[in-house]
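What follows draws every value from the coordinates through simple rules; no lab data is involved. Owing to the predicted nature of the structure, the values given are computational and were not obtained by experimental measurement. As a convention, Cβ positions derive from the backbone with ideal geometry for all residues, glycine included, and neighbour counts pool all protein chains shown.
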Amino acid sequence: MKHAFTAAAAAAAVVALTFLVLPVVALFLRVPPGDLLHALGTPAARDALLVSIKTSAIAHAAVLLVGTPAAYAIGRGRFPGRAVVLSLIELPLVLPPVVAGIALLVTFGRLGLLGGALDVLGIQISFTQTAVVLAVAFVESPLYVRGAIASFESVDGALLDAARTLRAGPFRVFARVALPLAAGGLGAASALALARGLGEFGATLLFAGSLQGVTQTLPLAIYAQFEVDFDTALAIGALFVCFGVAVLLALKVVGGWTRSVSLLTSRFVSSPSA
Amino acid sequence: MDPLRLSVDVPLRQFALRVELALGREVVALVGPSGAGKTTLLRAIAGLQPARGAISVDGDAWLDSMRGVDLPAEERSVGLVFQDYALFPHLTVRKNVEFGRRGQDGLLERFGLAALADAKPRELSGGERQRVALARALAPDPAVLLLDEPLAALDAHTRGEIRGELQALLREADRPTLVVTHDFEDAATLATRVGVLVEGRLRQLASPAELVASPADPFVASLTGANVLRGRARATSTGLTELELPSGELIRSTDLADGDAAAIVYPWEVTLSRTPPDDSAQNHLAGVVASLVPVGNRVRARVGPVTAEITAESSERLGLRLGDRAVASFKASATKLLRQAL
């Protein structure tokens, strides 16, 4: 009886693993690696790569710059409504990205909440590269901020107190003690957020459109090339797999593997794209 | 005028911490059970815990609720040695010690840490960590030094030696120093005065010898290591007081008391024998040997309700084993009676 269950559980594990890995392997088996590399050289793929790198870099830098101190304030602070704030941060994670796209459109679009004010200033956001940056930042920032909050929460409060009794003001406590001690978790959260941002599809499509060389990011290029040039679509897909593997390896190197990954995956069951 | 004066009030979950204390350039220890508010008091002095009242150091107000003064922790000249030391794990010994103020070669040297300057805290022994924590706290030359359970993180066998070392370092630091501990022996070794803190109040503040000689209540007595036997006291015709224990046994004391009371007997006043001895001691309690713990050249033995401290040699001669029957004897004149705190 015991043995039967053990065998059944093992079989289930094999089924699950095969189901998860087989499609990824298939991505590489359909077309020879040389052709895949070649397909990445097509204008559509090249343009999409550039747009993705540029928009992701800007969005990610902004998320780190604003998200890190924000996470510190929320993670170490004790204030009324803290639980509500934490839930609000997690809300975008459970929203379908398409909904995020509509939400951004009715906020920053020409007829949106801030559209009139932006129009007066001569700024148009929707269907520009700025829109891509906003869409990417919107979907990846909750992932980073929530992970960063957890990292700051896990720093032993006695160490921060010790720094204060050694005459360190708030900024020095943050920079010399909290930041280095949370670095592993911050790195892990950053890598996961970056991967999530690069894969963003739905919000970008609705809010920024899919204009090659301007707003067409890699995931949008896969969709656009799907019926035109299947090899290019496959090649971009393979590129994502390579990037994903690199992110996971980086996480392992950072050492935050068991803690941060289990923490992030258990809290947010979100698909990498729309 | 004392360098450190404080009168603070901190509401806690179960009770309010209310302490008034004045320290000269001396080491004062606060002992008490866990949850008595000892750590909270240190944190309030350091500015890490909101408190009401007044704290002044060399005449400077750190806290004065009446005048709205409440300096943040980083502006109070205080060195705090945390329980478990709270060393920065990502910094070397040198960087830890120099966190508060640079250029501490002399201090590293004096604390025997020069050779360990480039080591990380996780590579250090408990005693070394403690020295780093103390050196780090002293580096900015604080006006007040606070230590939270500085010996609790150490192994039993290194503890005695490190306690002696700490005593010398604290004496050398020569400034108002408040040490928190749950161990009376640690307190008595390190401090010139010991305060007993229970449920947020100072029950007694006196020299260690005074606390042993005249504890204010049964709790203070038990904290100093005394046997505390509770019962009902009544005067006898011989001028002695007789205390009837719940077991029905009688204990005689030369002290006077009436009603609910506690008999206080120190372990070193208790002798052990196999059979009831024919001696001058008035009190003989027979019981089973429930524990035998060697402490250096002595043995602490628990017989019935009483702990006795006898020499290892005597224990050997009696051939005491766990489960044996033995008799604990102590004189009526070595038995103090205290009114029972209700």
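Quick notes on this structure:
- The lysines within cross-link reach of B:Lys95, meaning a Cα-to-Cα straight distance under 20 Å and a gap of 8 or more places when in the same chain, are B:Lys120.
- Antiparallel content of DSSP bridges confined to the protein assembly as shown, in %, to 5: 80 percent
- Taken one residue at a time, the phi angles of region B:80-89 give Karplus couplings (6.51, -1.76, 1.60, θ = phi - 60°) of 10, 9, 6, 4, 6, 6, 6, 6, 6, x Hz. Gly and Pro are set to x.
- Distant-in-sequence amide contacts of B:Leu12, defined by a placed amide H-H separation under 5 Å and a gap of 5 or more residues or a different chain, comprise B:Leu17.
- Counting every C-alpha pair in region B:226-339, the share spaced more than 17 angstrom apart comes to 52%.
- Computed over region B:237-277: relative contact order in percent, which uses C-alpha pairs under 8 Å that are six or more apart: 29 percent
- Under Karplus coefficients 6.51, -1.76 and 1.60, residue-wise ³J(HN,Hα) of region A:83-89 in Hz, glycine/proline x: 5, 5, 4, 4, 5, 4, 5
- Taking amide H atoms as placed 1.01 Å from N in the peptide plane, the amide H of A:Ser126 lies under 5 Å from those of A:Arg110, each 5 or more residues away in sequence or on another chain.
- Mean residue ellipticity (222 nm) of chain A, computed from DSSP H runs ≥ 4 via -39,500 (n - 2.57), nearest 500: -24000 deg cm²/dmol
- Packing here is the average count of other Cβ atoms within 10 Å per residue, and on that basis the peptides A:8-20, A:228-240, highest first, run A:228-240, A:8-20.
- In summary, the aspartates and glutamates within cross-link reach of A:Lys54, defined as a Cα separation below 16 angstrom excluding same-chain residues under 8 places away, comprise A:Glu140, A:Glu200.
- Per residue of chain B, the DSSP helices (runs of n ≥ 4 H) give a summed -39500 (n - 2.57) that works out to -6000 deg cm²/dmol at 222 nm.
- From phi via Karplus (6.51, -1.76, 1.60), per-residue ³J(HN,Hα) for region A:50-64 in Hz, x at Gly/Pro: 5, 4, 4, 4, 5, 5, 5, 4, 5, 4, 5, 4, 5, 5, 5
- Shielding of B:71-78 by partner chains, average beta-carbon count, 10 Å: 4
- The protein assembly as shown, Rg to Rh (Cα coordinates; Rh as Kirkwood inverse mean 1/r): 1.15
- Cross-link partners of B:Lys336 among lysines (Cα-Cα below 29 Å; sequence separation of 8 or more within a chain): B:Lys38
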